[in-house]
Amino acid sequence: MRSKSKAFIDGLVKPSELSLVVAVLTSIVLCCFYFSFSDPTNIIENASLLATDERDDDIFITSTVLQLKAETAPLESIYLIGDSALREIVRVNLLTDELKRNNFDARIVDLRGGGQSLLESLAIIDNLPDNSTGLVVLGISAKSFIINSKMLDSASYGNRRGYTSEALMNFLDSIGHRSNRTTGVYGIDNFRFLLPRFINYWFSNDQRRTERSVHLKMYAAKKSTEELNALKNTYSLELSLPYKKYRTFIDTGLKALSTTINIVESKPELKITFIEKPLSPDFLSSHVGKEFITAYENLIIEFTEKYNVTYHNPSHYFPYNSADFYDLVHVRKSPTSSSYTSHLARLIMDSKIIQATDHQ
């Protein structure tokens with residue numbers, strides 16, 4: 001038994017020439033197979049096969065961005081970018097219908113994803129082609145600007161979602177957070193992002209195609225009072241209340257937002273607007289308070305005026321109903337989501353960035 005163990009260990013420490021050749025050839029074949037399959041065209045065509053489930057926003061966003069990069073003549077578009085709070089409340093079908101009723105035929109490009117951070121939004125926007133035309137609608141909230149070390153580390157190593165870009169790498173370097181990426185190719189060279197999906201695809205027997213589900217909370221039952229109270233306490237800690245304390249944590253987030261604005265300005269036919277994401281009125285009144293809300297809004301207004309971009313908070317135009325919220329930030333199918341979507345449609349039409357089409 002001891003001799004067999006010794007032989008096994010010797011084989012690992014001092015492999016034979018044949019074993020080395022087989023190992024090297026196998027690695028080369030696997031690498032070639034990986035990079036041939038990770039061709040942008042394959043990802044575009046097979047996103048629904050690579051998706052882990054209907055909630056896998058990241059592969060669908062990656063596929064969409066690669067498809068935009070492949071277009072030779074970009075269409076005038078509205079780019080919706082943000083996390084699941086914006087994803088749930090803006091209903092694309094209603095937005096499309098309202099714009100079309102007013103002869104606005106711009107394409108809506110959905111780049112919203114669950115848990116999408118400001119750094120990830122930055123990378124997505126940087127990857128839009130330089131000749132993109134239209135309007136970026138970026139959802140923000142007070143919490144968006146709190147960028148913690150976990151988010152920075154994720155971005156530094158190419159991001160858990162596969163989103164990376166040259167501008168993101170430069171931003172990390174500018175704040176003294178070393179970038180560990182060398183290529184900056186969007187999604188394609190990120191083994192951590194793509195390889196698990198490829199393995200799932202290769203070994204899947206049913207070769208199922210998964211349709212993306214955008215509004216996961218549309219018909220969900222509202223969380224219980226106990227669950228909501230726990231969420232309120234957690235969210236309060238994450239916001240670093242009160243405002244004086246919060247303000248000390250957000251310089252990196254504000255720098256990321258200014259970098260995002262600069263990226264958009266480098267694309268001559270593209271504009272950006274910020275829209276405040278929803279937050280439950282109950283939470284705002286019980287835990288946040290008017291002082292924080294006023295100080296935060298004054299900060300954002302001053303910031304956007306400095307950079308000559310627009311900022312909108314729909315809650316100033318119609319009241320949110322706490323009963324319409326699944327939790328603190330996600331809105332179900334309700335009058336609140338309908339009003340928010342209609343308000344966004346009016347903002348887009350009033351911006352004059354997207355032009356109406358004369359169908360007469």
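We did not get these values from a lab; they are worked out from the coordinates using the rules stated. These numbers were taken from a predicted model, which means no experiment stands behind them. Glycine gets a Cβ as well: all are built from the backbone with ideal geometry, and neighbour counts include every protein chain shown.
The helix-only estimate of mean residue ellipticity at 222 nm for the chain, built from DSSP H runs of length n ≥ 4 each weighted as -39500 (n - 2.57), is -15500 deg cm²/dmol after division by the residue total.
With a 10 Å radius around each residue's Cβ, average the other Cβ atoms per peptide and rank 56-64, 208-216, 123-131, highest first.
56-64, 123-131, 208-216
Label the range 269-360 by shape, choosing from rounded, prolate and oblate, from the square roots a ≥ b ≥ c of the eigenvalues of the Cα gyration tensor; if a/c is under 1.5 it is rounded, and otherwise prolate applies when a/b is larger than b/c, oblate when it is not. Oblate shape, in that a/c is at least 1.5 and b/c is the bigger or equal ratio.
Arrange the peptides 336-345, 242-251, 46-55 so that the one whose residues have, on average, the most other Cβ atoms within 10 Å appears first.
336-345, 46-55, 242-251
When each full DSSP H helix of the chain is screened for a Cα extent of at least 27 Å along its own axis and an average Kyte-Doolittle hydropathy of at least -0.5, the helices passing are 17-37. Could you point to the label whose value was computed as Rg and Dmax of the Cα atoms in Å for the structure here, given (i) 23.5, 83; (ii) 23.3, 89; (iii) 30.4, 87? Label (ii) holds the value from this structure.
Which of the peptides 261-270, 76-85, 284-293 is most tightly packed, and how do the rest follow, going by the mean number of other Cβ atoms within 10 Å of each residue? Provide the component values of the computation, followed by the final result.
Working: 261-270: 16.5, 76-85: 22.7, 284-293: 14.7.
Taking the mean over residues of other Cβ atoms within 10 Å, the ranking is 76-85, 261-270, 284-293.
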